[in-house]
Structure formats: C-alpha cells, structure tokens
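In what follows, a single structure is set out as structure tokens and then discussed.
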Amino acid sequence: MLKRLGRAPLTQKILGQLLAGYLRLVKVTNRWTFQPANFFANFDRDAPYIIALWHGQHFLIPLGKRDKDRYAVLISRHGDGGINAEAAAAFGIRPIRASGGTPEQMHRKGGVKGLRDMLRALEGGECVTLTADVPKKARVAGIGIIMLAKMSGRPIYPATVVTSRRIDFQSWDRASLGLPFGRGAIVIGEPIHVAKDADEAALETARRRLEVELDRVQHDAFALVGARDPGAELSLAAGRLPA
C-alpha cells in the first residue's frame, strides 16, 4: 500500500515540490566555484547543447540552470522518477519521461520515443540533459547519448555539480545528495562533437572519450570542495583508472 501511495501523482507532486525547495536551499547556502569560470559563455555560444552526467549526481544538476536557460531532461518512467520530474519542472526544466536499456527493451520502456522527443527538443532550441550510464551499470556510458549527438549535430558537454557537505548513498550509482552550508562546485568538461557521418569506430571513440571526461569532471569537482569522488571505484570496476 505504501508503495502504491508513493507512486500516486499527488504524492509525487508534493514530494517533488519539497525536493525542489530543498535544492534551492542547498543552492543559496553553499559557496560555489565554477570550472571553467566562463562556461556559461561557452554554453551561450553552443546552445542548444547536450549535458551529460553520471547518474549519481542527478539530484543536484538543476542547480546549474539559469532562469533564462531552456532545458529538457530525460527522466526514467520508474515510479521514483515522477518525484524527480516534479522537482525538475519546479526549476523550469521540462521532463521527458523515457528509459533506456537493451535494444529489445527500448520500445517497451519508451526509449525510442524518448530519443525522438530529445531530438525535437534540440531542434526547438531546448538544451537536453541526461545521464550517460547504461541503466543500472554505473560509470559505463551507453551509445544512446552518442547517437543523439550524431543525429542532432549538437555537442555533448560532460558536467557535474557537487558539494562538500552531502549524504553519500551506497546505491548502485553511489548517488550523493548535497547538504546546505558548505562549498559547491560546478565543473564542465570539453565539448564532444560527433560527426553526422561517424562510423561505428568513431562512435565508440566518442563514447569512450565521454567516459574519460565524465570521470575527470567528477574528480576535479570533488577536489575543488576538498573531497574524494565517492564513486571513483566504479570507474575502476568499469576498466578505467580513476582520474
């Protein structure tokens, strides 16, 4: 019964609004560092763009949005995703509800429709944010985000938002939830461009580069707040040395 209640639209709306309010508190009570300092100028130059992040940092990503930015975000159809969708909407970020997975799962989970919706968002001038991980396989980038960049012609910016004071969960993605009254860092990596005529080898090269850049921004962001990435061992488990 409690599980069904937690998935009720009204419950998710209330919890999503509470989460958004809490994230605003985290934003205004932390002292923020940006790396590079001019990344908003780069964003304005390259808009619309694709923001990629590792799944464990998904709670805080709305804190990098300015009021004028137009964003859509890919959020799972899973029940808990409804809460995240409500919180995103409270920040003026349009949710696109779909999930990834294996090719045979994509129609059932809405992945194909999600890809079409993200392409339409980019064509309409919205920037798109999504986690790069293969579902439930942390720190392994899927090919979907690379295909989105290829089909849209828009660059991928690896990104993360972290805080010095936080709760680290022992979840599959080593998720973190920031706490108020500390230091925060927003780190953006080098843009990754994927040519429209990219072949399979070029797509794999871009996918691997994205993994390396996401590892780097995680490492750099936590270093800026005097901490160590709690998910660093996940990169090692995926076959990459931590940054």
With the calculation restricted to Cα positions, what are the radius of gyration and Dmax of the stretch 53-92 in angstrom?
10.2, 30
What fraction of the DSSP beta bridges in the chain is antiparallel, stated in percent and rounded to the nearest 5?
35
Would you mind ranking V73, V134 by Cβ crowding within 10 Å, fewest neighbours first?
V134, V73
For E204, E211, order by how many other beta-carbon atoms lie within 10 Å, fewest first:
E204, E211
For the stretch 2-237 the mean separation of alpha carbon contacts under 8 Å (6+ apart) over residue count, i.e. relative contact order in percent, is 24
As a test of the definition: which semi-axes, in Å, follow for the chain when you take the square root of five times each eigenvalue of its alpha carbon gyration tensor? Largest first, please.
24, 22, 19
The residues E200, E123, E213, sorted from fewest to most surrounding Cβ atoms within 10 Å, come out as E200, E123, E213
Between the stretch 197-241 and the stretch 135-162, how many Å separate their Cα centres?
11
Distance in nm between label sites at A195 and I14, each 7 Å beyond Cα in the beta-carbon direction?
5.6
Ignoring everything except DSSP H segments at least 4 long, calculate the 222 nm mean residue ellipticity for the chain; use -39,500 (n - 2.57) per segment, divide by total residues, nearest 500.
-13000 deg cm²/dmol
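Computed from the coordinates by the stated procedures, all read-outs in this text should not be read as laboratory data. Please read these numbers as outputs of a predicted model, since none were measured by experiment. Cβ atoms come from the backbone with ideal geometry, glycine included; neighbour counts cover every protein chain shown.
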